[in-house]
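The values are calculated or read from the model by the stated rules, or taken from the named source; none is laboratory data. A quick note: this is a predicted structure, and the numbers were derived from the prediction, not measured. Here the Cβ is made from the backbone with ideal geometry for all residues, glycine too, and neighbour counts use every protein chain on show.
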Amino acid sequence: MEEQLLKRSENKCELCESGEPLNTYSVIPQKVPNEDNTILICDKCRAQIERTAPTDQNHLRCLTTSIWSVVPGVQVLSWRLLNRLKAENWASDALDMMYLDEETLAWAQAGLDEEETEAEELHRDSNGAILETGNTVVLTKTLDVKGSSLSVKLGTVVKNIRLVENNTDQIEGKIEGQVIVILTKYVRKQGA
């Protein structure tokens with residue numbers, strides 16, 4: 001099947017047309033991988049799909065071209081990624097121009113529901129950036145620490161955070177030698 005995909009894609013990423021090394025990607029949900037639900041993508045597009053890298057809107061503008069693909073898997077991924085960015089005018093315009101038949105649209109929406117469930121399980125800062133253990137964050141609000149006379153000022157940098165398990169709204173950080181729990185809605189990931 002990989003040979004057929006390489007021929008179809010002309011050895012380019014089927015989303016951004018990059019000539020970088022390509023990998024097969026199975027568009028979920030699916031029962032059996034085939035040419036319609038498996039595509040070739042570059043590492044940069046994979047990172048955008050799987051959210052392992054910060055959203056790169058400049059890179060994702062390639063979707064305004066990939067929406068015209070005749071390959072259902074490419075159409076589905078383009079639709080899902082554009083939906084993530086629908087607050088942006090260019091992405092909203094591309095979605096308005098895009099046409100998916102009923103079956104392909106149902107497939108795209110089914111996967112979007114799974115993505116949203118996964119996204120809900122991630123710790124995110126006040127801007128929606130994904131937080132990970134070891135990140136450095138900046139407070140976006142002055143906070144009074146409960147059970148203490150400590151008041152942590154807006155702009156305070158908290159290094160080497162830890163994620164609170166089973167609660168995506170909380171992280172732990174050390175401030176003035178004291179480990180405190182901080183709500184993620186009051187922090188911004190440094191560098192994001």
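Within the range 23-62, the set of residues being hydrophobic (A, V, I, L, M, F, W, C), more than 30 Å from residue 127 (Cα to Cα) and out of contact with any helix residue (DSSP H, G or I) (no Cβ under 7 Å at 6 or more places or on another chain) comprises 32 only.
Flag: residue 140 matches the condition of being surrounded by 11 or more Cβ atoms within 10 Å (Cβ to Cβ) and more than 30 Å from residue 8 (Cβ to Cβ). Among the residues in the range 55-70, are any without any contact (Cβ under 8 Å) to a residue 40 or more places away in the chain, among the hydrophobic types (A, V, I, L, M, F, W, C) and more than 25 Å from residue 128 (Cβ to Cβ)? Yes: one or more hits. Selection within the range 87-100: residues that are of a type outside the set (A, V, I, L, M, F, W, C) and under 13 Å from residue 67 (Cα atoms). The member of this set that is farthest from the chain's Cα centre (by Cα) is 99. Among the residues of the range 75-88 satisfying the criterion of being not in a helix (DSSP H, G or I) and not acidic (Asp, Glu), which is surrounded by the fewest Cβ atoms within 10 Å (Cβ to Cβ)? The qualifying residue surrounded by the fewest Cβ atoms within 10 Å (Cβ to Cβ) is 87. Please verify whether the range 63-80 includes one or more residues that are more than 16 Å from residue 13 (Cα to Cα), over 13 Å from the mean Cα position of the chain (by Cα) and either assigned by TED's automatic domain parsing to the domain that holds residue 17 or at pLDDT 95 or above (or both). Taking every residue of the range 63-80 in turn, at least one turns out to be more than 16 Å from residue 13 (Cα to Cα), over 13 Å from the mean Cα position of the chain (by Cα) and either assigned by TED's automatic domain parsing to the domain that holds residue 17 or at pLDDT 95 or above (or both).
Of all residue pairs spaced 6 or more apart or on separate chains, none has beta-carbon atoms under 7 Å together with a first member in the range 2-27 that is farther than 16 Å from residue 76 by Cβ and a second member that is of a type in the set (Phe, Trp, Tyr) and assigned to a strand (DSSP E or B). A single entry from 6, 15 fulfils the requirement of being assigned by TED's automatic domain parsing to the domain that holds residue 78, closer than 23 Å to residue 103 by Cβ and of a type in the set (A, V, I, L, M, F, W, C): 15. Any chance the range 121-130 includes a residue that's free of Cβ contacts under 8 Å to residues at least 24 places away in the same chain and charged (D, E, K, R)? The answer is no, given that none of the residues of the range 121-130 is free of Cβ contacts under 8 Å to residues at least 24 places away in the same chain and charged (D, E, K, R). Taken as a whole, the condition of being part of a helix (DSSP H, G or I) and of a type in the set (Gly, Ala, Ser) applies to residue 91.
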